[in-house]
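Scroll down for the structure; my scribbles are underneath it.
The values are calculated or read from the model by the stated rules, or taken from the named source; none is laboratory data. Please read all numbers here as calculations on a predicted model, not as lab measurements. With ideal geometry, Cβ positions are generated from the backbone for all residues, glycine too; neighbour counts draw on all protein chains shown.
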Ligand SMILES: C[S@@+](CC[C@H](N)C(=O)[O-])C[C@H]1O[C@@H](n2cnc3c(N)ncnc32)[C@H](O)[C@@H]1O
């Protein structure tokens with residue numbers, strides 16, 4: 001998604017699913033429920049077929065002092081997904097939530113490091129590596145922060161390793177594209193049998209400009225070529241049509257999060273440096289539940305990443321039961337006109353939040 005959302009399942013826990021499903025069902029009329037049954041069942045598929053990022057290994061002083069999962073509340077998250085009046089589906093509080101409370105965590109459906117970060121972060125969870133991967137090591141070998149991430153990455157890594165991605169990556173690098181990398185990873189996950197090719201269908205797609213469609217055709221052709229040249233069979237590639245590629249990219253564009261880690265003191269310093277020097281992000285990821293959060297320029301919720309791509313949704317102020325939880329997709333410090341332009345060009349809507357309505 002560019003402009004990137006606050007610069008993102010594997011998901012919440014399994015136990016949360018039943019309560020989420022219950023909350024969704026309770027809110028829907030029978031006809032809208034029928035329409036949404038498909039995505040409810042896809043929640044189940046995704047929950048059962050994808051593995052969550054593992055808990056971080058023991059925290060070292062250089063990796064930061066926070067344990068991203070240490071204060072994860074137990075039990076189902078206090079939210080439900082239902083239709084809003086004017087912004088499609090949204091996430092609502094089911095009870096009072098206090099300012100600063102952790103609402104829920106979410107693990108990526110798919111994550112990928114930026115090409116400039118591949119040797120600096122874990123190829124699975126995007127955790128910063130203690131030391132950069134050995135520059136002399138095989139440039140094609142992915143790096144992982146721990147054995148567990150290496151094991152979990154089997155859902156895409158074995159397939160990724162069979163193909164030569166140099167042309168595909170070169171195209172992304174030259175054009176500054178990051179979302180095709182997520183599509184490539186998803187395609188490898190489908191080929192390995194870890195996910196179904198329609199996993200992202202429940203997410204809202206963005207519309208694509210003619211320029212994007214042209215760019216996309218090239219990305220599709222390079223992806224297909226790389227896989228066809230490898231030992232992947234024609235049968236395994238049946239799903240990989242241009243229509244599939246376009247549908248996935250259109251959903252990623254509007255639902256992906258740009259991940260900036262705020263681990264420890266060192267990360268804070270590098271973030272500060274990145275503000276003036278270069279890219280602060282380490283990668284991009286798509287989640288399920290966080291994709292249903294709508295935008296507000298004065299949000300009551302925010303999403304943060306501490307040590308890795310596991311997202312944490314936190315309340316910024318007290319939230320009442322049934323109040324919609326909204327995050328800010330863009331840099332809220334921009335002026336009114338810049339925010340409106342970015343939201344319209346990136347997400348296709350005109351923001352009429354209280355702040356925008358007052359011209360602030
Ligand atoms: C990430 S999705 C959010 C979930 C989405 N409403 C759904 O039904 O899946 C982003 C899309 O939601 C809608 N949206 C989000 N915030 C909005 C807002 N403040 N006003 C109008 N539409 C909004 C826009 O269509 C936007 O492209």
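Within the stretch 342-356, the set of residues being surrounded by 13 or more Cβ atoms within 10 Å (Cβ to Cβ) and assigned to a helix (DSSP H, G or I) comprises 342, 343, 346, 347, 355, 356.
The condition of being farther than 18 Å from residue 176 by Cα, surrounded by fewer than 16 Cβ atoms within 10 Å (Cβ to Cβ) and within 16 Å of the ligand (Cβ to nearest atom) holds for only one of 207, 196, 231, that being 207.
Restricting to the stretch 338-349, what's the tally of residues that are within 10 Å of the ligand (Cβ to nearest atom) and under 19 Å from residue 300 (Cα atoms)? Counting residues in the stretch 338-349 that are within 10 Å of the ligand (Cβ to nearest atom) and under 19 Å from residue 300 (Cα atoms) gives 1.
Looking only at the stretch 293-302, residues that are crowded, with 23+ Cβ neighbours inside 10 Å and outside any loop (DSSP other than H, G, I, E, B) come to 1 in all. Taking (1) buried (at least 21 other Cβ atoms within 10 Å of the Cβ); (2) more than 15 Å from the ligand (Cβ to nearest atom) in turn, residue 335 satisfies each apart from (1). Among the numbered conditions (1) more than 16 Å from the ligand (Cβ to nearest atom); (2) within 18 Å of the chain's Cα centre (by Cα); (3) not in a helix (DSSP H, G or I), the only one that residue 186 does not meet is (3). Going through (1) in contact with a strand residue (DSSP E or B) (Cβ under 9 Å, 6 or more places away or on another chain); (2) closer than 30 Å to residue 83 by Cβ one by one, residue 253 falls short only on (1). Tell me yes or no: at least one residue of the stretch 321-329 is more than 19 Å from the chain's Cα centre (by Cα) and part of a strand (DSSP E or B). Yes, the stretch 321-329 has at least one match. Would you confirm whether or not the stretch 154-170 contains a residue that is modelled with pLDDT of 95 or more, surrounded by fewer than 22 Cβ atoms within 10 Å (Cβ to Cβ) and in contact with a strand residue (DSSP E or B) (Cβ under 7 Å, 6 or more places away or on another chain)? No; the residues of the stretch 154-170 include none that is modelled with pLDDT of 95 or more, surrounded by fewer than 22 Cβ atoms within 10 Å (Cβ to Cβ) and in contact with a strand residue (DSSP E or B) (Cβ under 7 Å, 6 or more places away or on another chain). In the stretch 75-92, the residues that are within 17 Å of residue 314 (Cα to Cα) form Cβ pairs under 9 Å with partners that are within 13 Å of the ligand (Cβ to nearest atom) and assigned to a loop (DSSP other than H, G, I, E, B), at six or more places apart or across chains, as follows: 90/84; 90/293; 91/293; 92/84. Suppose the filter is part of a loop (DSSP other than H, G, I, E, B), at pLDDT 95 or above and surrounded by fewer than 22 Cβ atoms within 10 Å (Cβ to Cβ); does residue 65 pass it? No; evaluated as a whole, the condition is false for this residue.
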